[in-house]
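Visitor: My questions will all concern the structure given below.
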Amino acid sequence: MEFQSGPVERALPGLTWRAMTAGDLDAVADIAVLGFPDHFEGRDCFGNRLALNPSGCFVLAAGEGPPKGYLIAYPWRADDAPALNTLIGAIPDDASVMYLHDLALDPAVRGDGWSRPIVERVADEARAAGWPMLALVAVNAAAPFWERHGFAVVEASGMAARLASYGPDARYMIRRL
C-alpha cells in the first residue's frame, strides 16, 4: 500500500451555506445516516421540518450542487425535545426557544470549520427574532463540540425519559442569546 506524502487537500472549493430545498432532501437523509447511524430519521422527517420552518433549514453546498452538510432549526418548547423520527403537525403555540434539530456534515468536510458560521447565523437570526435561547439534544458524545459553540448542559426536569430515547450519552443543552 502506498501513502501520499505531503499535505492532503481536504477543503472542497465553493461551498457555502444556503437555504435547503425539497430537492436536497435525499442528500440530507444520506448525510444523516453517516452522522447519526444510531439515531435514524428518514427523509419524511426532514421534509416535515423543512415544511414547518423553511427559514431554519440550510445545506452546505457548492451552489445548487449536492449538499455536503445540513442544519435544521425550528421553534420549540423549552426543556423539551421532539421524539426521534416523528412528524410534527405544527410548531407549538407555546414555543419559547429555537431548537437545533440537527447539524451534520459529510465526513469529507468535517474539521474544516463549517459548523461555526451556520450556528452563528442561526443564533443571530434567533436573537433578532426575539428567541431568548437555542436548545438541542447532543448525541454521539458531542457535548464538548456544542460547548465550543457556547452551549451548556442543563438538567431539565422531565427530560430524563425523553433523553433516554436518544441514547445513554444524550445531553440537553442550551445557549442563551
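The values are calculated or read from the model by the stated rules, or taken from the named source; none is laboratory data. As the structure is a computational prediction, the values presented were derived from the model and not from experiment. Using ideal geometry, Cβ is built from the backbone for each residue, glycine included, and neighbour counts are taken over all protein chains shown. Accessible surface areas use protein heavy atoms only, side chains included; no ligands, DNA or RNA. Shrake-Rupley method; radii C 1.70, N 1.55, O 1.52, S 1.80 Å.
Visitor: Heavy atoms only, probe 1.4 Å: what % of the accessible area of the chain goes to carbon and sulfur, would you let me know?
Guide: On the way: 4970 of 8900 Å².
So the carbon and sulfur contribution to the accessible surface is 56 percent.
Visitor: Could you run the Karplus curve 6.51 cos²θ - 1.76 cosθ + 1.60 with θ = phi - 60° over region 163-177 and give me ³J(HN,Hα) per residue in whole Hz, x for Gly and Pro?
Guide: Each residue of region 163-177 in turn: 5, 4, 6, 8, x, x, 9, 5, 9, 7, 9, 10, 10, 6, 9 Hz.
Visitor: Still on this model: Per DSSP helix of 4 or more residues, -39500 (n - 2.57); summed, then divided by the residues of the chain. What does that give at 222 nm, rounded to the nearest 500?
Guide: That calculation yields -7000 deg cm²/dmol at 222 nm.
Visitor: Can you give the charge dipole size of the chain about its Cα centre, rounded to the nearest 20 debye, using +1 on the beta carbon of Lys and Arg and -1 on the beta carbon of Asp and Glu?
Guide: Working: 15 positive and 22 negative charges, 81 e Å.
Taking the Cα centre of the chain as origin, the dipole is about 380 debye.
Visitor: Given Thr86, Phe36, Gly65, which one lies farthest toward the positive end of the charge dipole of region 3-134, if we put +1 on the Cβ of every Lys and Arg and -1 on the Cβ of every Asp and Glu?
Guide: Going by the Cα projections, it comes out as Gly65.
Visitor: Against the longest principal axis of the chain, how steep is helix 43-52, in degrees 0 to 90 to the nearest 10, with axes from Cα atoms?
Guide: Long axis of 43-52 versus the principal axis of the chain: about 60 degrees.
Visitor: Which angle from 0 to 90°, rounded to the nearest 10, does the C-alpha axis of helix 115-128 make with the longest principal axis of the chain?
Guide: 30 degrees
Visitor: Let me ask something else about it. Can you compute the radius of gyration and Dmax for region 73-177, using only the Cα atoms, both in Å?
Guide: Calculated on Cα positions, Rg and Dmax stand at 13.5, 39 Å.
Visitor: Given springs between every Cα pair under 10 Å in a Gaussian network model of the chain, which of Val97, Val153, Val28 has the largest fluctuation?
Guide: Val153
Visitor: Please give the residues of region 52-78, grouped as numeric ranges, whose backbone N is less than 20 Å from a label point set 7 Å along the Cα-to-Cβ vector of Thr21.
Guide: Under cut-off, by backbone N: 52-73.
Visitor: What are the ³J(HN,Hα) values, in whole Hz, obtained from phi via the Karplus relation 6.51 cos²θ - 1.76 cosθ + 1.60 with θ = phi - 60°, for each residue of region 86-92 in sequence order, with x given for Gly and Pro?
Guide: My calculation for region 86-92 gives 10, 8, 10, x, 6, 5, x Hz in order.
Visitor: Just to confirm, what accessible area per residue do you get for the chain at 1.4 Å probe, in whole Å²? Walk me through the numbers before you get to the answer.
Guide: Numbers: 8900 Å² over 177 residues.
Ligands and nucleic acids excluded, the figure is 50 Å² per residue.
Visitor: What do you get for the angle between helix 25-35 and the principal long axis of the chain? Use alpha-carbon atoms, 0 to 90 degrees, nearest ten.
Guide: 90 degrees
Visitor: Separate question: Rounded, prolate or oblate: which fits region 78-138 when a ≥ b ≥ c are the square roots of the eigenvalues of the alpha-carbon gyration tensor, with rounded for a/c under 1.5 and prolate only if a/b beats b/c?
Guide: Numbers: a/c = 2.69, a/b = 1.38, b/c = 1.95.
Oblate is the answer for region 78-138, as a/c is 1.5 or above yet b/c matches or exceeds a/b.
Visitor: Given H placed on each backbone N at 1.01 Å, which residues far from Asp102 in sequence or on other chains put an amide H within less than 5 Å of it?
Guide: For Asp102, the qualifying residues are Ile72.
Visitor: Now a separate question. Residue-wise, which Karplus ³J(HN,Hα) couplings in Hz belong to region 144-161, taking 6.51 cos²θ - 1.76 cosθ + 1.60, θ = phi - 60°, and x for glycine or proline?
Guide: The phi angles translate into x, 4, 5, 4, 5, 9, x, 8, 10, 5, 10, 8, 8, 4, x, 8, 4, 5 Hz.
Visitor: Further question: What is the distance in Å between the Cα centroid of region 32-108 and that of region 137-169?
Guide: Centre-to-centre (Cα) distance: 16 Å.
Visitor: A further question follows. Under the classification rounded if a/c is under 1.5, otherwise prolate if a/b is larger than b/c and oblate if not, where does the chain fall, given a ≥ b ≥ c as square roots of the Cα gyration tensor eigenvalues?
Guide: Details: a/c = 1.62, a/b = 1.44, b/c = 1.12.
Here the chain falls in the prolate category.
Visitor: Below 8 Å between Cα atoms, with a sequence gap of 6+, how large is the relative contact order for the chain in percent? Spell out each step's value before the answer.
Guide: Values: 292 pairs, mean separation 34.8, N = 177.
Normalised by residue count, the contact order of the chain is 20 percent.
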